[in-house]
Amino acid sequence: MNHGAAGPLAWTVRVLTLFPEMFPGSLGLSLAGKALENGVWSLETVDIRAFARDKHRSVDDTPFGGGPGMVMRPDVLDAALTQVTGGPDAPDRGRVIYLSPRGRLLDQELVRELVATPTLTILCGRYEGIDERVIEAHRLEEVSLGDFVLSGGEPAALCLIDACVRLLPGVMGNVDTAGEESFEWGLLEYPHYTRPAVWQDPRGQERVVPEVLLSGHHERVRAWRLAEAERITRDRRPDLWGRYEQRKRAEEEAKTIRKRSGRRPGRFGEGSEG
Ligand code: SAH
């Protein structure tokens, strides 16, 4: 089923699921929903059950080797994937993702990569997951939302698509916000404040907005925000902080090297910046 009215250059997502009625769900509302309506992106949901061959329309079976739960059948999934992507060797198949706790963790870097791909196909698992041979044969890219287990890939697909859609040109009202947010610079975001400037909290205590934000001094505000983002990241996420420090060091070294190598003899013999 197709949702929205896709424009000619729309970013296209195709979702294979046993529960097509879960879509567009939250993606049909607010900014993502408006963009879907306006053809900025397009969503096609494919009912995996439509590819079942037997009279019971079964899509799953018991696992070889025993154990609990059911496994989604490779023949049914293959039929669905081949119809949607054109098969593993189709030149324009785009990226084909299987949402799975074993996958590469979704982060802002991966989101940016996926938005840059014109066509995305997402397979949502259910039960214990899918037959391993489909993952291999269709070269599925496994992507995880985090170290926890959902009952199905659909909520993960909604999250992944949401994160992508908000980066599409024209979806967010203020184009600048996306570049300032958590993770864009490898840091968590600085704290936000809005009116009233003095607010009485539930215990009757007056809480004021940090002075610098009322100063109208853009450079000081920028410096304060960066310092806060750094403090929060250092306190809460040593993993991000380590990478940020590394990146900063590398950038500084690169700057020094550029400076040195750019210093060739000038017209009068002294060094000049290249
Ligand atoms: N038996 C599996 C879990 C299956 S959960 C295991 O132990 O790893 C059923 C389906 O939910 C999966 O096939 C997958 O599509 C989806 N799912 C569950 N957790 C997920 C996560 N953290 N990220 C992405 N998809 C997930």
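The values are calculated or read from the model by the stated rules, or taken from the named source; none is laboratory data. All figures in this text were calculated on a predicted structure; none of them were measured in a lab. Cβ: placed from backbone, ideal geometry, glycine included. Neighbour counts: every protein chain shown.
Cβ contacts < 8 Å: first residue in the same structural domain as Arg126 (by TED's automatic domain parsing), restricted to the range 141-153; second residue more than 6 Å from the ligand (Cβ to nearest atom) and assigned to a loop (DSSP other than H, G, I, E, B), any location; separation 6+ or different chain. Result?
Cβ pairs passing all conditions: Val143/Leu106; Ser144/Leu106; Leu145/Leu106; Gly146/Leu106; Gly152/Leu18; Gly152/Phe19.
Hey, could you check the range 101-125 for residues that are under 20 Å from Met70 (Cβ atoms) and buried (at least 21 other Cβ atoms within 10 Å of the Cβ) and say which is farthest from the ligand (Cβ to nearest atom)?
Across the range 101-125, the extreme among qualifying residues is Leu123.
Looking at the range 142-166 only, could you name the residues that are closer than 11 Å to Ser100 by Cβ and either more than 8 Å from the ligand (Cβ to nearest atom) or not small (Gly, Ala, Ser) (or both)?
Glu142, Val143, Leu145, Val149, Leu150 - these are the residues of the range 142-166 that are closer than 11 Å to Ser100 by Cβ and either more than 8 Å from the ligand (Cβ to nearest atom) or not small (Gly, Ala, Ser) (or both).
Select from the range 50-99 the residues that are in contact with a Leu (Cβ under 6 Å, 6 or more places away or on another chain) and surrounded by fewer than 16 Cβ atoms within 10 Å (Cβ to Cβ) and list them in ascending order.
Answer for the range 50-99, where residues must be in contact with a Leu (Cβ under 6 Å, 6 or more places away or on another chain) and surrounded by fewer than 16 Cβ atoms within 10 Å (Cβ to Cβ): there is none.
If you go through the range 80-91 one residue at a time, do you hit one that is under 20 Å from Ile130 (Cα atoms), within 16 Å of the ligand (Cβ to nearest atom), part of a helix (DSSP H, G or I) and not basic (Lys, Arg)?
Yes, the range 80-91 contains a residue that is under 20 Å from Ile130 (Cα atoms), within 16 Å of the ligand (Cβ to nearest atom), part of a helix (DSSP H, G or I) and not basic (Lys, Arg).
Return yes or no: is Glu184 within 16 Å of the ligand (Cβ to nearest atom), surrounded by fewer than 17 Cβ atoms within 10 Å (Cβ to Cβ) and either under 25 Å from Pro20 (Cα atoms) or not aliphatic (A, V, I, L, M) (or both)?
Answer is no for this residue.
Hey, does the range 32-47 have a residue that's at pLDDT 95 or above, more than 19 Å from His3 (Cβ to Cβ) and in contact with a Phe, Trp or Tyr (Cβ under 9 Å, 6 or more places away or on another chain)?
Scanning the range 32-47, I find no residue that is at pLDDT 95 or above, more than 19 Å from His3 (Cβ to Cβ) and in contact with a Phe, Trp or Tyr (Cβ under 9 Å, 6 or more places away or on another chain), so the answer is no.
Return a yes/no flag: does the range 216-224 have any residue that is in contact (Cβ under 8 Å) with a residue 12 or more places away in the chain and either loosely packed, with under 15 Cβ neighbours inside 10 Å or in contact with a strand residue (DSSP E or B) (Cβ under 9 Å, 6 or more places away or on another chain) (or both).
No, the conditions are met nowhere in the range 216-224.
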